[in-house]
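*Asks:* Mind having a look at this structure? Questions to follow.
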Amino acid sequence: MIISQFRNYTPVNILFLSFVGFVLCLGIFLHLPDKLDSVIFEPALGNLLGENNLINLSPATNVFITLILTIFQATILNRITSHFNLLGKPSFLVALMYMTLASLFLPFLVLSPTLICNFISIWMLSKLLSLYRQTDVKAEMFDLGMIVGIGSLIYFPFLSMFFLLWISLLIFRPFNWREWITPLLGLATIYFILAVIYLWVGKMELFYTIWLPFTYKFPTAIRIQLVDYLVLVPVLFTLILFLLILKDNFFKSIVHIRKSFQLLFFMLCLAVASFYWNKKLTEAHFLLCAPPIAIYMAYYFTYAKKKWFFEVVYAIIVLTIIYFQFF
C-alpha cells in the first residue's frame, strides 16, 4: 500500500513519488487547454521584464515543468524534515503529502509565482529551524530578511512571511533587539537595490505601484467556486486526526520539535492571511500552505496504527483529487 511504502526511507521512493505525481496531474494532462500562458513574477519584477515576464510554453510543457519542480520541492522538504527529525523517524511521507497537496487544485498544476515562492518557503524553513541553540543569529536573520524580500518580488503576498521571522525569534530565542532589527535591514536592502534599478532604467514612477496591495480594501475579489472546497474535506479530516495524534505525543517530544510545530502553525496562518494582498484571489495562492500542512499530515501517517484505516484515508484523498480533476 502507498502509505506503508512511503514510511520507508529508501531512494526507490523517489520513483514512486514521481509516479504518484504523474497520476495526480493526469486530469490536466488529458484536458489541456489550447493555450496556457503563465506570469511568473509580480509587478515588482514584471515591470522591469515587460513581455519577458510572460512564459510562452506549450500547455503540456508547462504542466510537465511544474511536475518536475514540485517533485524537487517535495524531496527537498522531506530532506529538511528528516534532518531536523520533525517526525521522529525518517520516511518519505512528507514528500508524498507535499506532492498530494500540490495537486489539490488545477491552478497548482501550472507555473505560477507561488510555485516559485515555495522554493523560498522551504529554504526559509530550513534556516528558521536551525536558529535553535545558535549563539549568534544576527547574520542569519539579515539573510532571512533578504530572502523574504526576494520572495515578495516574485509574489507580493509573500511579504507576510517577514512576520514569521519575528515569530521565530519569540519561539526559539531570548529577546535581543539587534536580532529583531537585522531582518528589517535585510528586507530594506532588497528594496533599496530594486529602487536603484528602477531609477537607473527611468521607471521610478512604476516603483511606487509595487505598494498598491497596501491600499486594497477588504475583502478583495475572490474567484473560487464553492464546489472547489469539497476537495479539501478529506484533507481537513486528516488534519483533525493529526491533532488527535499530536495531543498524545506533543509533550513527549523534545523541546525543539514542539517549538518547530508551533512555528509551522504560524507559517500556515500567515500564508492563509496574506490573501488580503492579492487583488484577485485564486486557488494558486494557497499553494503557500502546502509545506506546513504536508508536515502535519505526514506526522499523522507516521504514527497512525491502524493500517487499513490510514491507507483508506489517503486513498480517499487521492480519489477525491482525481474525481474533481475529471468532473
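*Asks:* Gain in length, residue 230 to residue 265, computed as 0.36 nm per residue apart minus the alpha-carbon separation, to one decimal in nm?
*Replies:* 10.3 nm
*Asks:* In whole percent, and with a 1.4 Å probe on the protein chains, what portion of the accessible area of the chain is carbon and sulfur?
*Replies:* Details: 11150 of 15690 Å².
That fraction is 71 percent.
*Asks:* Something else about it: Would you kindly find the accessible area of residue 121, with a 1.4 Å probe and non-protein molecules such as ligands, DNA and RNA excluded, rounding to the nearest 10 Å²?
*Replies:* Counting only protein heavy atoms, the figure is 0 Å².
*Asks:* Can you send over the solvent-accessible area of residue 283, 1.4 Å probe, protein chains only, in Å² to the nearest 10?
*Replies:* Residue 283 has an accessible surface of roughly 20 Å² with all protein chains in place.
*Asks:* How much accessible area per residue does the chain have, counting only protein heavy atoms and a probe of 1.4 Å, in square angstrom? Display every interim value, and only then the final one.
*Replies:* Values: 15690 Å² over 327 residues.
Result: 48 Å² of accessible area for each residue.
*Asks:* Suppose accessible area is computed on protein heavy atoms with a 1.4 Å probe; arrange 285, 256, 31 from highest to lowest. Don't skip to the end; give the middle numbers.
*Replies:* On the way: 285 0, 256 25, 31 110 Å².
Greatest to least solvent exposure: 31, 256, 285.
*Asks:* Using the per-residue mean of other Cβ atoms lying within 10 Å as a proxy for protection, in what order, highest first, do the peptides 262-268, 199-205, 60-66, 159-165 fall? Present the calculation step by step, with values, prior to reporting the outcome.
*Replies:* Numbers: 262-268: 19.0, 199-205: 10.6, 60-66: 16.6, 159-165: 21.7.
The peptides rank, most packed first, as 159-165, 262-268, 60-66, 199-205.
*Asks:* May I pose another question? Label points 7 Å out from Cα along the Cβ direction at residue 201 and residue 119: separation in nm?
*Replies:* Roughly 1.9 nm, to one decimal.
*Asks:* In addition: Could you sort the peptides 131-138, 15-22, 92-99, 112-119 by per-residue average Cβ neighbour count (10 Å cutoff), highest mean leading? Please report the intermediate quantities before stating the final value.
*Replies:* On the way: 131-138: 13.5, 15-22: 16.4, 92-99: 28.1, 112-119: 22.9.
Ranked from most to least packed, the peptides come out as 92-99, 112-119, 15-22, 131-138.
*Asks:* What FRET efficiency comes out for residue 16 versus residue 254 if R0 is 30 angstrom and r is the Cβ-Cβ distance? Round to the nearest 0.05.
*Replies:* Details: r = 30 Å, r/R0 = 1.02.
Rounded to the nearest 0.05, the efficiency is 0.50.
*Asks:* With labels modelled as points extended 7 Å from the Cα through the Cβ direction, what inter-label distance (nm, one decimal) is found for residue 188 paired with residue 308?
*Replies:* 6.3 nm
*Asks:* Roughly speaking, what is the centre-to-centre gap between segment 70-84 and segment 282-316 when only Cα atoms are used, to the nearest Å?
*Replies:* A separation of 15 Å, based on Cα centres.
*Asks:* Sticking with this one: With label points built 7 Å along Cα→Cβ from the Cα atoms of residue 178 and residue 272, find their separation and express it in nm.
*Replies:* 3.8 nm
*Asks:* Which pairs break 20 Å Cα to Cα here: 89/306; 259/306; 89/305; 89/259; 259/307; 35/203? Working shown, then result.
*Replies:* Numbers: 89/306 18 Å; 259/306 28 Å; 89/305 15 Å; 89/259 18 Å; 259/307 29 Å; 35/203 31 Å.
Where the Cα-Cα span goes over 20 Å, the pairs concerned are 259/306; 259/307; 35/203.
*Asks:* Peptides 234-242, 142-150: what's the order by average Cβ count within 10 Å, highest mean first?
*Replies:* Working: 234-242: 16.3, 142-150: 21.0.
The densest-packed peptide leads the list: 142-150, 234-242.
The values are calculated or read from the model by the stated rules, or taken from the named source; none is laboratory data. All figures in this text were calculated on a predicted structure; none of them were measured in a lab. Neighbour counts run over all protein chains shown; Cβ positions are idealised from the backbone, glycine included. Note: areas computed on protein heavy atoms with side chains; ligands, DNA, RNA excluded. Shrake-Rupley method; radii C 1.70, N 1.55, O 1.52, S 1.80 Å.
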